[in-house]
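Working notes, beginning with the structure itself.
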Amino acid sequence: MSNYDVVIVGSGAGGGTMAYALTKQKYRVLLLEAGPKFNPFTDYNLHKESWEEGYFPHKETSEGHHSYAPLQALESKWDDLRSWNVMDGRINKQANRVAYKYHHVRGLGGSTLTFTGESHRLHPGSMQMKTRFGVAADWPLSYEDLEGFYCDAERIVGVAGPESQGERWRSEPYPLPAHPISYASDRIRAAAESLGMTWQANSRAALSKPYDGRPSCNYCANCTRGCPRTDKGSVDVTFLRKATKSGLCQIRTGVTVTYIERSKSDTIRGIRLINEMGEAEFIETSQLVISCGAIETPRLLLASDELANESGQVGRNFMQTLSWSSSGLHSDRLGSFRGLPADSISWDYNAPDSIEGVVGGCRFSVGVHEAGLNGPRAYAKRVVGGWGRAHKDAMRAAFGSVLTVGSIGESIPNAKSFVDLDPAAKDANGVSLARIHSHMDEMEINRLAFMARTCRRILEAAGVEKLVEEYGSYDYFSSTHVFGTCRMGSDAEHSVVDSYGRSHRWKNLTIMDASIFPSSGGGESPSLTIEALALRAAKHFNDS
Ligand SMILES: Cc1cc2nc3c(=O)[nH]c(=O)nc-3n(C[C@H](O)[C@H](O)[C@H](O)COP(=O)(O)OP(=O)(O)OC[C@H]3O[C@@H](n4cnc5c(N)ncnc54)[C@H](O)[C@@H]3O)c2cc1C
Ligand code: SF4
């Protein structure tokens, strides 16, 4: 007899939270993760002179492979939305949109190891996009259904946030007070307010006080490079730490699941995998949870002879980060390399009907750290240029004076954006790679144009004299948030799973990760919502 009740595949925001919540209910969990384990105290590079080289310090096998279908042609009428830099001119010099990256980490804790740690609830008005606007699909649950689980997730993670966030009502305060807004961010706040916008502290999975055995943040400003203090609420130091302590969670890293086997009567029999030794293995299970993320979950299902694809929706409805970022040089010394990344935010245009002439919202936040403009190397390569004495003088004058305003917007599914299996490329285990098809339609581009205009207006109002760099999704696929490829819904004909992530057909199969989102929200970061959905799903795990 096996010594586990449930097998979970993938240990990120979805899988890691499920492991915690199921062990809490005394289920014995076997958690399988393709990537390695990271040790925050030894594996991250912020204490090294070379800290600025590269971003998250990947290990062998901690990045997956995927491919891209050719992307759309660019039109001259949108030239204003092309990414550029003061030193290099256009970043994408091609006539078509180019794929830079689907940013992610394969590792214990998944992509939360590299996430910034913005910790957002969805706008309640963005969960009924089909009924209200005829786009995407409705969530089969409401904000009210999730609210208590949001509170639970925030408590476990240790979220620091402001007293209120408008329509995102709360039944209890954030567990920790909001972080202070840095000196440079305060310039952006004042500029936005001078334009009539509201700007407030962001809710962050970074501790503003010591909490639950973890120290408070020291504002080193490099969350995406891996937090060496464990105060950032990534899944490894929060949900998984607690799951491990329960004694009910066995974890195996370096294990890649390659195929899900069915048995008779609409149930899953088990999974095939390549184990830590590189050998093929089969594991039987009576309950299976797939949490491989919005690219790898549909890949695994499609590669398992289209398992759970009765609706034809596996891999469809792919949504990505719709993003824009404008950076400029201010003449004052602002020390903008300091502070907590994305410490402040405006939700003014976040509701799906808040941008004139466009369906779908967006948010604006301080973005200098996320743009990577917080170290001398970045300034030398992307802002200042030149050689010798003149370069040194210019570096001294400029360092710390870049301000960046970033924006993330709603991504609405369209028929040309989906994930399928690449017919020509396989990984080392012989499984076809996921192939990403990404297309931006006119509405998406109009939303992006509004985001770009507003970022520029805020920088101008802040006294920025010269823009130095802008980049966005129009000519560049570079995505950190991906969703939608196994959407949930109440109707088996048009969705893959129900509101608890349970397959409409396969009785012992649950999917729990960003793939189940029916719509993306107006620029909210997704991890807290994935975690709340997982806590809710685990609570109802035994319901029929
Ligand atoms: C740079 C960056 C910044 C971000 N900032 C934020 C932020 O501020 N706030 C926020 O909320 N979100 C942020 N995100 C997004 C967030 O990290 C993801 O949305 C979230 O982690 C997705 O959770 P998931 O469970 O869907 O997938 P993941 O967290 O990606 O986890 C999937 C896991 O499954 C494993 N896996 C995949 N295939 C297999 C297989 N076949 N066998 C075994 N294991 C497998 C992977 O190795 C991985 O560990 C950011 C992401 C990036 C990259
Ligand atoms: S800014 Fe805070 S949360 Fe981010 S890496 Fe540094 S110490 Fe960790």
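FYI, it's all coordinate maths here, none of it is from the lab. This one's a predicted model, so the numbers in the text were calculated from it and none came from an experiment. For neighbour counting, all protein chains shown are included, and Cβ atoms are generated from backbone atoms with ideal geometry for every residue, glycine included.
On average, how much area does the Cα convex hull of the stretch 357-514 cover when viewed from any direction, in nm²? Provide the component values of the computation, followed by the final result.
Values: hull surface 58.7 nm².
The orientation-averaged projected area of the Cα hull of the stretch 357-514 comes to 14.7 nm².
Can you pull a Stokes-Einstein diffusion coefficient for the stretch 326-402 at 25 °C (0.890 mPa s), Rh from Kirkwood over Cα pairs, as a whole number of µm²/s? Provide the component values of the computation, followed by the final result.
On the way: Rh = 14.3 Å.
Answer, rounded: 172 µm²/s.
Dipole check for the stretch 368-437: with +1 at the C-beta of Lys and Arg, -1 at the C-beta of Asp and Glu, and the Cα centre as origin, the magnitude is about 520 Debye. Take the eigenvalues of the Cα gyration tensor for the stretch 274-412, scale each by 5, and report the square roots as semi-axes in whole Å, largest first. Gyration-tensor ellipsoid for the stretch 274-412: 44, 25, 13 Å. Extension gain, HIS439-SER354: 0.36 nm per intervening residue step, less the Cα-Cα distance, totals 28.3 nm.
Give me the dipole magnitude in Debye, nearest 20, for the chain about the Cα centre, with unit charges on the beta carbon: positive for Lys and Arg, negative for Asp and Glu.
Values: 60 positive and 63 negative charges, 232 e Å.
Once rounded to the nearest 20, the dipole reads 1120 debye.
For a quick check: sort PHE133, PHE517, PHE541 by the number of other beta carbons within 10 angstrom, fewest at the front.
Details: PHE133 15, PHE517 30, PHE541 19.
Listed from fewest to most nearby Cβ atoms, that is PHE133, PHE541, PHE517.
Computed from backbone phi with θ = phi - 60° and the Karplus coefficients 6.51, -1.76 and 1.60, the 3J(HN,Hα) list for the stretch 149-161 is 6, 4, 4, 4, 5, 4, 5, 5, 6, x, 7, 9, x Hz; x is used for glycine and proline.
Residues whose amide H comes within less than 5 Å of that of ALA99, counting only those at least five positions distant or on another chain, are PHE477 (H built at 1.01 Å from N in the peptide plane). Model label points for THR131 and GLU306, set 7 angstrom from Cα along the Cα-to-Cβ axis, are 3.2 nm apart. For the pair ASN542 and SER263 in one chain, pulling the backbone fully straight at 0.36 nm per residue adds 98.4 nm over the alpha carbon distance.
Placing a label point 7 Å from the Cα of LYS426 along the Cα-to-Cβ direction, the residues of the stretch 288-331 whose backbone N falls under 17 Å of that point are 299-306. Please give the Cα centre distance for the stretch 1-59 versus the stretch 430-468, rounded to the nearest Å. Measuring centre to centre over Cα atoms gives 31 Å.
Which of the residue pairs LYS24/LYS264; LYS37/LYS101; LYS101/LYS416; LYS37/LYS232; LYS242/LYS539 have a Cα-Cα distance greater than 21 Å in the structure shown? Among LYS24/LYS264; LYS37/LYS101; LYS101/LYS416; LYS37/LYS232; LYS242/LYS539, the Cα-Cα distance tops 21 Å for LYS24/LYS264; LYS37/LYS101.
Tell me, what is the FRET efficiency for ARG272 and ASN39 to the nearest 0.05, using R0 = 30 angstrom and their Cβ-Cβ distance as r? Calculated value: 0.50. What separates the Cα centres of the stretch 491-544 and the stretch 358-372 is a distance of 26 Å. Per the Debye calculation on the chain with a single equal scatterer at every Cα and no solvent contribution, log₁₀ I(q)/I(0) for q = 0.05, 0.10, 0.13 Å⁻¹ amounts to -0.18, -0.77, -1.35.
Take the alpha carbon gyration tensor of the stretch 229-299, find the square roots of its eigenvalues, order them as a ≥ b ≥ c, and report rounded if a/c is under 1.5; if not, report prolate when a/b exceeds b/c, else oblate.
Values: a/c = 1.87, a/b = 1.81, b/c = 1.03.
It comes out prolate by the Cα gyration axes.
Seen against the Cα atoms of the chain and their longest principal axis, helix 388-398 is set at about 80 degrees.
In the stretch 290-365, how does Rg compare with the Kirkwood Rh, expressed as the Rg/Rh ratio over alpha carbon atoms? Provide the component values of the computation, followed by the final result.
On the way: Rg = 19.8 Å, Rh = 16.8 Å.
In the stretch 290-365, Rg relative to Rh is 1.18.
Amide H to amide H distances under 5 Å link GLN287 with VAL7, where only residues 5 or more positions off or on other chains count and H is placed in the peptide plane. Remark: the stretch 457-539 carries a charge dipole of roughly 600 debye about the Cα centre, counting +1 on each Lys and Arg Cβ and -1 on each Asp and Glu Cβ. Look at HIS437, HIS66 and count the other Cβ atoms within 10 Å of each Cβ; fewest to most, that gives HIS437, HIS66. Under the shape rule built on the C-alpha gyration tensor, where the axes satisfy a ≥ b ≥ c, the stretch 1-80 is oblate, since a/c reaches at least 1.5 while a/b does not exceed b/c. Listed by chain and number, the aspartates and glutamates placed with their C-alpha closer than 18 angstrom to that of LYS59 are GLU33, ASP43, ASP236, GLU276, ASP427; residues fewer than eight positions away on the same chain are left out. Between the residues VAL419, VAL431, VAL405, the greatest Cα displacement towards the positive end of the dipole of the stretch 388-445, with unit charges on the Cβ of Lys, Arg, Asp and Glu, is found for VAL405. Whole-Hz Karplus values for the stretch 74-85 come out as 8, 10, 5, 5, 10, 4, 5, 9, 7, 6, 8, 9 Hz, taken residue by residue from phi with 6.51 cos²θ - 1.76 cosθ + 1.60 and θ = phi - 60°; glycine and proline positions read x. Where does the Debye-calculated log10 I(q)/I(0) of the stretch 34-160 sit at q = 0.12, 0.13, 0.14, 0.18 Å⁻¹, using only Cα point scatterers of equal weight, no solvent? Those come out to -0.88, -1.00, -1.10, -1.16, one per q.
A dipole drawn for the chain from +1 and -1 charges on Cβ atoms has a positive end, and of ALA462, ASN39, SER291 the residue lying farthest that way is ASN39. Between the helical axis of 183-194 and the longest alpha-carbon principal axis of the chain there is an angle of about 80 degrees. Whole-Hz Karplus values for the stretch 318-332 come out as 5, 10, 10, 5, 9, 9, 9, 8, 10, 10, x, 9, 9, 7, 8 Hz, taken residue by residue from phi with 6.51 cos²θ - 1.76 cosθ + 1.60 and θ = phi - 60°; glycine and proline positions read x. Once both labels are positioned 7 Å from their Cα atoms along Cα-to-Cβ, the gap between TRP51 and TRP387 label points is 3.1 nm.
In a fully extended conformation the segment linking ALA69 and LYS209 would gain 45.8 nm over its present Cα-Cα distance, using 0.36 nm per residue. Considering only PHE133, THR114, GLY14, the residue lying farthest towards the positive end of the dipole of the stretch 1-134 is PHE133, judged by Cα position with unit charges set on Cβ. Once backbone amide H atoms are built at 1.01 Å from N, ALA425 has LEU433 as its partners under 5 Å, excluding neighbours fewer than 5 places away on the same chain.
Helix 13-24 and the long axis of the chain differ in direction by around 50°, with both axes built from C-alpha atoms.
Kirkwood radius for the stretch 249-334, taken over all pairs of different Cα atoms as the inverse mean of 1/r, rounds to 16.1 Å.
Roughly what % antiparallel, to the nearest 5, for the DSSP beta bridges in the chain? It would help to have the intermediate numbers written out before the result.
On the way: 54 of 79 bridges.
Of those bridges, close to 70 percent are antiparallel.
Here, the stretch 123-222 is characterised by an Rg to Rh ratio of 1.04, where Rg is the alpha-carbon radius of gyration and Rh the Kirkwood radius.
Note on the stretch 180-333: the alpha carbon radius of gyration divided by the globular reference 2.2 N^0.38 Å gives 1.52.
For the stretch 241-276 versus the stretch 136-191, the inter-centroid distance based on Cα atoms is 33 Å. Based on the Stokes-Einstein relation at 10 °C and a viscosity of 1.306 mPa s, and on the Kirkwood radius from alpha carbon pairs, the stretch 394-438 is assigned a translational diffusion coefficient of 106 µm²/s.
For every helix of n ≥ 4 consecutive DSSP H residues, a contribution of -39,500 (n - 2.57) applies; sum these over the chain, divide by its total residues, and give [θ] at 222 nm rounded to the nearest 500 deg cm²/dmol. It lands at -6000 deg cm²/dmol.
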